[in-house]
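The values are calculated or read from the model by the stated rules, or taken from the named source; none is laboratory data. Quick caveat, the model's predicted, so the values are computed rather than measured. Note that each Cβ is placed from the backbone with ideal geometry, even for glycine, and that neighbours are counted across all protein chains shown.
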Amino acid sequence: MSGKLSFKEYLESKEALLGAVEEIPRTQIEYEVKKYCSFPIGESTERQQIKLKPSNRLFISWLCEDRDDPKAIKVEFEGTDVDETAEKPAWNNKKLLKWLLNNTKQN
């Protein structure tokens with residue numbers, strides 16, 4: 001097979017690349033809690049503390065508009081009393097990342 005593309009294949013690949021640039025990358029990362037702690041969720045008026053213990057898991061969905069500053073858009077818990085619910089974290093991203101470094105390990 002030759003390394004040359006037909007003009008039609010070139011246009012299709014160019015459209016696919018331009019379409020991919022328009023999409024904002026999203027990713028979900030799993031974290032395992034290392035020590036007993038709590039995690040605040042919800043808005044300021046309806047803030048709730050989720051009690052976590054070692055071996056509980058967090059699944060955080062990140063929106064990566066800016067490579068250096070991802071935004072947490074939802075948090076799901078496994079092994080707690082709020083299983084399978086998605087909540088918005090109460091903290092800003094900088095504080096959330098610091099909390100994750102201190103209290104969890106990434107799987």
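Worth a mention:
- Any chance L100 is aliphatic (A, V, I, L, M), touching a strand residue (DSSP E or B) at 6+ places or on another chain (Cβ under 9 Å), under 28 Å from V21 (Cα atoms) and not in a strand (DSSP E or B): no
- The stretch 6-34, subset touching a residue at least 12 places away in the same chain (Cβ under 8 Å) and out of contact with any Lys or Arg (no Cβ under 8 Å at 6 or more places or on another chain), residue surrounded by the most Cβ atoms within 10 Å (Cβ to Cβ): I29
- Top-ranked residue of the stretch 53-97 - restricted to ones that are farther than 30 Å from E22 by Cβ and of a type in the set (G, A, S), ranked as surrounded by the most Cβ atoms within 10 Å (Cβ to Cβ): A90
- Hits in the stretch 51-107 - residues which are under 15 Å from the mean Cα position of the chain (by Cα), at pLDDT 90 or above and among the polar types (S, T, N, Q): S61, T104
- All of (1) farther than 16 Å from K95 by Cβ; (2) free of Cβ contacts under 8 Å to residues at least 24 places away in the same chain; (3) touching a Lys or Arg at 6+ places or on another chain (Cβ under 9 Å) hold for F77 with one exception: (2).
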